[in-house]
Amino acid sequence: MRAALLVLAALSGSAQAAWIWSDALPVNSVQDAKVFPHLESANRQGMAVSGGSVGVVWEDNRTGSPQCYLAIKPAMAKKFRPEIRLSRAGCYEPVVVALGAGRFAAAWEEAGRVHAQVVPGGAAIRLTEIESAQVTLAAGAGRLYAAWAEQAGRFRRIVVASLTATAGTLGVSLAQPVEAAAPVDEQGWPALAVAGDASVTVAWEDRRNRHTVPMVSYRSDGGSFASPARLTDTKSGSVEGLGAGVGAMRPTLTAWGKRGVAAAWLDKRDFLSGYDVYAAVDEGARHFGRNLKVQDGFGDNMVQWHAKIVGDPGGRLLAVWDDARDGTPDVWLAEWKGDAFGDNEAVPAASGAGAQTDPVAVLDDVGQLHLVWLARDEKRGTRIRYVRGASR
């Protein structure tokens, strides 16, 4: 039966393939069995495309301590240039967004504070002097924002800041907690999206209900944040007498269409099969609709990891993640069809033998899909790889 299902999945994938893929390129220049690159970050914001140039950020331990790096592939280049080291002390969870014309803004956690920098040519600054972590960035409607988890007494809370980028220099013009009241439990892993109407949506992991619930809030351009609402439509409460509720984690957000925002996250409501990828869409009313499962039936009994949702102003929307439905971890994607997500499609270069995990993706201005992931080899080490997909 398992073999028959795999054959059917392969036939379905080949019949429904919606993308033509480029050859895969290596991103990181250092590969060794003792060097471990990480693409983990809040909102999985590890790649951006600026004026045709592709920027990728990650953290690895090649120096003996965790440091953050940025590699850029210029628009007409055939490969990535040697990476730039961003950090000086221990560094975690870097993110990057496009500023246009081949320029990027990168942010990361270093020495217990969040930092940011314009690349190329800028100088790094601290975004806050308060202990903070899990920074992310979002750009849109001519604006640039950051969000992070900042210590506020016993627990961390989510802070959103408006940033300025002038002549290569970043500055913080306004930093505002999403909630003015002190947090009653931990908040972390924020995600940001700037919609076409310049409103800002923020989502995060929240423990106020004694289990992890993705919460969401928004504000209009220049306004205050609305009261947080649950992103998930499952209620808190023990499941078969266990715990305080089902777990859900790592929300990701993207702007899409003229005013829309979409979310995807990992959700354990079917706790016997582990985490699944769920999504919800806000078509512009600043209210997310019903939760939708993203993976298809072939992935239902598998644990899904590292979900990321990406959209573009033209209305294209898709999610990527990894799971081991074919025996080893592979990267999968599913496109939004207007009322549900379609059949899952494997990314050819990120499938097959070995472990292909931790996908990060972005759609560029002409609708091409850019994707990076970790290709793990126990003997030779882990390589970050990149492909570009064009619609058929």
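Computed quantities for the displayed model
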item: Residue in segment 234-245 that is out of contact with any helix residue (DSSP H, G or I) (no Cβ under 6 Å at 6 or more places or on another chain), buried (at least 22 other Cβ atoms within 10 Å of the Cβ) and not charged (D, E, K, R) present; result: no
item: Among the residues listed as 51, 46, the single one being of a type outside the set (Lys, Arg) and either modelled with pLDDT under 95 or touching a Gly at 6+ places or on another chain (Cβ under 8 Å) (or both); result: 51
item: Looking only at segment 184-196, and only at residues there that are within 16 Å of residue 251 (Cα to Cα) and of a type in the set (A, V, I, L, M), the one that is surrounded by the fewest Cβ atoms within 10 Å (Cβ to Cβ); result: 194
item: Sole residue being in contact (Cβ under 8 Å) with a residue 24 or more places away in the chain and in contact with a helix residue (DSSP H, G or I) (Cβ under 7 Å, 6 or more places away or on another chain), chosen from 364, 326, 312, 322; result: 326
item: Hits in segment 277-321 (condition: farther than 19 Å from residue 18 by Cβ, surrounded by 19 or more Cβ atoms within 10 Å (Cβ to Cβ) and acidic (Asp, Glu)); result: 282
item: Every residue from segment 268-297 that is among the aliphatic types (A, V, I, L, M) and in contact (Cβ under 8 Å) with a residue 40 or more places away in the chain; result: 277, 279, 280, 281, 292, 294
item: Top-ranked residue in segment 249-258 [being buried (at least 24 other Cβ atoms within 10 Å of the Cβ) and in contact with a Gly (Cβ under 8 Å, 6 or more places away or on another chain); ranked as nearest to residue 136 (Cα to Cα)]; result: 254
item: Those residues of segment 157-176 which are small (Gly, Ala, Ser) and under 23 Å from the mean Cα position of the chain (by Cα), in sequence order; result: 161, 162, 165, 175
item: Pair list, Cβ under 6 Å, 6 or more apart: segment 335-346 residue among the aromatic types (Phe, Trp, Tyr), other residue assigned to a strand (DSSP E or B); result: 336/317; 341/334
item: In segment 36-50, residue surrounded by the fewest Cβ atoms within 10 Å (Cβ to Cβ) [restricted to those that are closer than 20 Å to residue 311 by Cβ and over 12 Å from the mean Cα position of the chain (by Cα)]; result: 49
item: Enumeration of residues in segment 83-118 that are within 20 Å of residue 62 (Cβ to Cβ) and over 20 Å from the mean Cα position of the chain (by Cα); result: 83, 84, 85, 87, 88, 89, 90, 111
item: Where residue 33 falls short, out of the listed (1) modelled with pLDDT of 95 or more; (2) in a loop (DSSP other than H, G, I, E, B); result: (1)
item: Members of segment 259-274 found to be over 21 Å from residue 311 (Cα atoms) and either surrounded by 24 or more Cβ atoms within 10 Å (Cβ to Cβ) or among the charged types (D, E, K, R) (or both), listed by number; result: 268, 269, 270
item: Strands (runs of 3 or more DSSP E) (entirely within segment 60-156) containing at least 2 residues that are small (Gly, Ala, Ser) and farther than 16 Å from residue 41 by Cα; result: 91-100, 132-140
item: Any hit, segment 197-207, residues being of a type in the set (Phe, Trp, Tyr), surrounded by fewer than 22 Cβ atoms within 10 Å (Cβ to Cβ) and under 26 Å from residue 129 (Cβ atoms); result: no
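The values are calculated or read from the model by the stated rules, or taken from the named source; none is laboratory data. Note that this is a predicted model, so its numbers are computed, not measured. As a convention, Cβ positions derive from the backbone with ideal geometry for all residues, glycine included, and neighbour counts pool all protein chains shown.
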